[in-house]
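The values are calculated or read from the model by the stated rules, or taken from the named source; none is laboratory data. The model shown is predicted, which means the values in this text are computed figures rather than measured ones. Please note: Cβ atoms are built from the backbone with ideal geometry, for glycine as well, and neighbour counts cover all protein chains shown. Just so you know, the surface numbers come from the protein's heavy atoms only, side chains and all, with ligands and any DNA or RNA stripped out. Shrake-Rupley method; radii C 1.70, N 1.55, O 1.52, S 1.80 Å.
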Amino acid sequence: MPCPPANSKRASFVAGERVSVMLPLPLGGAYDYRVPAGLTLAAGDFVTVPLASRQVNGVVWGAGEGQVAAPKIKDVATLLDAPPLPETSRRFVEWVARYTVCSPGAVLRMAMSVPAALHPPRPVTAYALAETVPEVRLTPARRRVIGVLSDGPARPATELAREAGVGSSVVRDLARAGVLVARSLSPGATAAAPDWRCPGPTLSADQATAARALENHVAADAFAVTLLDGVPGSGKTEVYFEAVAETLKRGRQVLVMLPEIALGAQWMDRFRARFGGSPAEWHSDLSQAQRRVTWRAVAEGRARIVVGARSALFLPFPDLGLIVIDEEHDAAFKQDEGVAYNARDMAVVRARLGDIPLVLASATPSLETIENARSGRYGTLHLPDRHAGASLPDVALVDMRSDGPPAGRWLSATLVSAIQKSLEAGEQTMLFLNRRGYAPLTLCRVCGHRIQCPRCTAWLVEHRHVERLQCHHCGYQARLPRICPSCAAEDTLAACGPGVERVAEEVGERFPDARQAIAASDTLTGPRAAAELIRSIEERRVDILIGTQIIAKGYHFPMLTLVGVVDADLGLAGGDLRAAERTYQLLYQVAGRAGRAERPGRVLVQTYMPESAVMRTLLSGERQRFLDAEAKDRRDAGMPPFGRLAAIVVSGRDEGAVDEAARALGRAAPRANGIQVLGPAPAPLALLRGRHRRRLLLKAGREINVQAALRSWLAAARVPRSVRVRVDVDPYSFL
Ligand code: ADP
Ligand code: ZN
């Protein structure tokens, strides 16, 4: 495969010259080093350099800046055998660092997250089917392994096990039995490459129009952002697959970003069905070995298509030709820890730097994206109808004030009888509750004591199947005590409120014969468990699925006709700027799981606030009215996307020092026209993992250069070393 000419125009630096080297560390900037005898370097080259007493990897950023005196300058140690970090990637690192008010080194660290990939790989062992397969007992797991291999090339054991959804021992046993034979493989050349020539489905007129428009953007080879706005099941995926095919045809790379990796299993099957090969994957469930292979394959231009979570945006694509962000409104694209960035917004930057098209797909686009589309910065393509005439589900509200269940129960009579009907018809039901565990609060009936996390401002959540209380913020675990820790009364602790486990308990009591399954992030540990659950739903081995948002998005289950939302009001509590918008998006997505094929779907939404804008919109389907009202509120309040926000979170173990630093920041706050600073105030999570937290919020008009204001603000305040100050531009979390 030809490598793109990333090297051709790079200025080179010869022995004795100075180069500046960016290190993947949160330092002020790049450092100067000298090119040693025998080496010629160019911008983008990966090198190792001495730093204090260590050797660290870094990237040649350009000519030296002369900040180190000649006698003290050190030599570059080695040039690493890896493709250079492309120019676009380097500019992207700088841009993200400027925007997020972080050091470029901290951003670079995300772009070179796999140090091992900077060294050429060793050959790997792969398994293929033996020419003559000996007689062995074929379990379903073994059959799946053979099935995977029968329509694809040899694969390494781990990859084979993952694709077949089996443990690695199954592969080993098959090899020992002589069913599989080992081969040495040149690394990277494993899975079948996707083929753009594979025919796609026959598109409807609307779909075809949208697909042609996206293909034209790919062909135009220029920056353009397009919102692909279509109801769930309208074929957005099929449409952007056409743009993917067009990009592959032109020999360029594609990045598709998805919010939840649980969404991956079905998406991957569809991708394989469409393109006859697998994309490279990039997400947190990969092993270091897989990351190494993928990072290198991307850098060498061999990986033509990557599907990944937000961090995939920092892969070193030498020839990226298209970015697609599916479910663009999803908050999972926002990273709150470390470098706080929104991958959706940064993808716009990446596309502009690379001069390529970006597609944002959603059934419920974010207000930010809608506003960009309205103002003409983004193009819009609409898919108004579900594919093949499937109708949108019929939504009804259950007013829990009048029609709610008795205390200690969570399913209303209306919902129960709907489930009964669905069971009788042999159809599937999904009960949605966005809360893991059994009960969110454990309370003493005598003294009212609530069991709290010792390290966080949070209640402990009971997880009954593992007999533990857990903190959902820090992972702290404890046994459920028999004696109240406050008043010492015995057996007075009571579970308050439902989580999915408790709803499952009620379902078990009411429908003892129904087959049920729970889908939550703690019950689905890893992609294999998720794939297995999805398969069992597809094969109708589950009648009632009880799940959190992990199951709410993207899935397509033809026999799922009833969706019950157990507590629709959950997300509306609290002062989050996007509470209504997000609740609407989530519930609409959940509702979209019902009736995606011939059978019509029904959605029952249990709420104590049937007259709220979110519930009324779910009922009426008047999305535009809801968005207009949201937009007006935000505009009036100067909130995003009509104004800018940046949060500063001050944290540390010593509460006094944290308070003092927060007050110092408060005193140094910028006082310019168009800028307002709120706080410092204790964060809602005033204690997190044993660290005290205070927040300040900068609110500014769109015309204000928020980054400049933040930089001079931070420079003006004195903060002791024991206190951490984190900047979050465009915050999503206000905790
Ligand atoms: P969305 O991404 O908008 O939710 P999908 O692309 O997932 O919609 O389409 C929903 C379902 O309809 C999928 O099973 C998909 O394969 C099918 N589908 C969509 N468009 C077509 C088409 N033109 N021909 C055949 N099947 C289609
Ligand atoms: Zn905690």
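Probe radius 1.4 Å, ligands and nucleic acids ignored: give me the carbon and sulfur share of the accessible area of the chain as a rounded percent. C and S atoms contribute 52 percent here.
For residue 434, the amide hydrogen comes within under 5 Å of the amide hydrogens of 567, counting only partners 5 or more places away or on other chains and with H modelled in the peptide plane. So which aspartates and glutamates can residue 72 reach, going by Cα to Cα under 13 Å and dropping same-chain residues fewer than 8 places off? The reachable aspartates and glutamates, counting only those whose Cα sits under 13 Å from residue 72, are 32. Specify the inter-centroid distance of segment 315-369 and segment 183-257, based on alpha-carbon positions, in whole Å. If you average the Cα positions of each part, the centres end up 16 Å apart.
Along the axis of the charge dipole computed for the chain (Cβ charges of +1 for Lys and Arg, -1 for Asp and Glu, origin at the Cα centre), the listed residues 640, 41, 205 are led at the positive end by 41. Residue 632: accessible area at probe 1.4 Å, nearest 10 Å²? Ignoring ligands and nucleic acids, residue 632 comes out at about 120 Å². The heavy atoms of residue 534 offer some 10 square angstrom of accessible surface to a 1.4 angstrom probe. For the chain, a simple Cβ point-charge model (Lys and Arg +1, Asp and Glu -1, everything else neutral) yields a dipole of about 1880 debye relative to the Cα centre. For segment 340-348, 3J(HN,Hα) computed residue by residue from phi via the Karplus equation (6.51, -1.76, 1.60; θ = phi - 60°) reads 8, 9, 9, 4, 5, 5, 5, 5, 4 Hz, glycine and proline entered as x. Residues 678, 665, sorted by accessible area with the largest first, give 678, 665 [1.4 Å probe; ligands and nucleic acids excluded]. Stick to the Cα atoms of segment 339-470, pair each with every other, and give me the Kirkwood hydrodynamic radius in Å at one decimal. It works out to 20.8 Å. Peptide packing for 54-60, 35-41 was compared via the average number of neighbouring C-beta atoms within 10 Å per residue; ordered from the highest value, the list is 54-60, 35-41. For residue 21, the residues whose amide H sits under 5 Å from its own are 31, 32, 33, 61, ignoring neighbours fewer than 5 places away on the same chain, with H placed 1.01 Å from N.
Protection proxy ranking, highest mean first, for peptides 618-627, 150-159: 150-159, 618-627, where packing is the per-residue count of other beta-carbon atoms within 10 Å, averaged. Our coupling estimate for segment 628-645, obtained by passing each phi through the Karplus curve with A = 6.51, B = -1.76, C = 1.60 and θ = phi - 60°, is 4, 5, 4, 4, 5, 4, 5, 5, 4, 8, x, 8, x, x, 9, x, 10, 10 Hz, Gly and Pro reported as x.
Looking at the chain, the DSSP beta bridges with both ends there are about 55 percent antiparallel. The alpha carbon convex hull volume per residue for segment 496-576 rounds to 123 Å³. Computed about the Cα centre, the dipole magnitude for segment 1-103 is approximately 120 debye when only Lys and Arg (+1) and Asp and Glu (-1) carry charge, each at its Cβ.
Taking amide hydrogens as placed 1.01 Å from N in the peptide plane, the amide H of residue 675 sits under 5 Å from that of no residue at least 5 positions away in sequence or on another chain.
Computed extension gain for residue 718 through residue 176, at 0.36 nm per residue and net of the alpha carbon distance, reaches 188.6 nm.
The separation of segment 531-604 from segment 130-163, counted between C-alpha centres, amounts to 34 Å. Determine the distance separating the Cα centre of segment 49-66 from the Cα centre of segment 621-674; give it in Å without decimals. Each part's Cα centre sits 38 Å from the other's. Counting every C-alpha pair in the chain, the share spaced more than 32 angstrom apart comes to 60%.
Averaged over its residues, segment 248-388 has an accessible area of 30 Å² per residue, based on protein heavy atoms and a 1.4 Å probe.
Compactness of segment 420-512 is given as radius of gyration and Dmax, 15.8, 51 Å, from Cα positions. Evaluating 6.51 cos²θ - 1.76 cosθ + 1.60 at θ = phi - 60° for every residue in segment 401-409, the Karplus couplings come out as 5, 9, 10, x, x, x, 3, x, 10 Hz, glycine and proline recorded as x. Only the Cβ atoms of Lys and Arg (+1) and of Asp and Glu (-1) were treated as charged; on that basis the dipole of segment 506-631 about its Cα centre amounts to roughly 420 debye.
Would you mind checking 334/699; 421/553; 236/334; 553/699 for any pair whose Cα atoms are more than 30 angstrom apart? Check vs 30 Å cut-off fails for 553/699.
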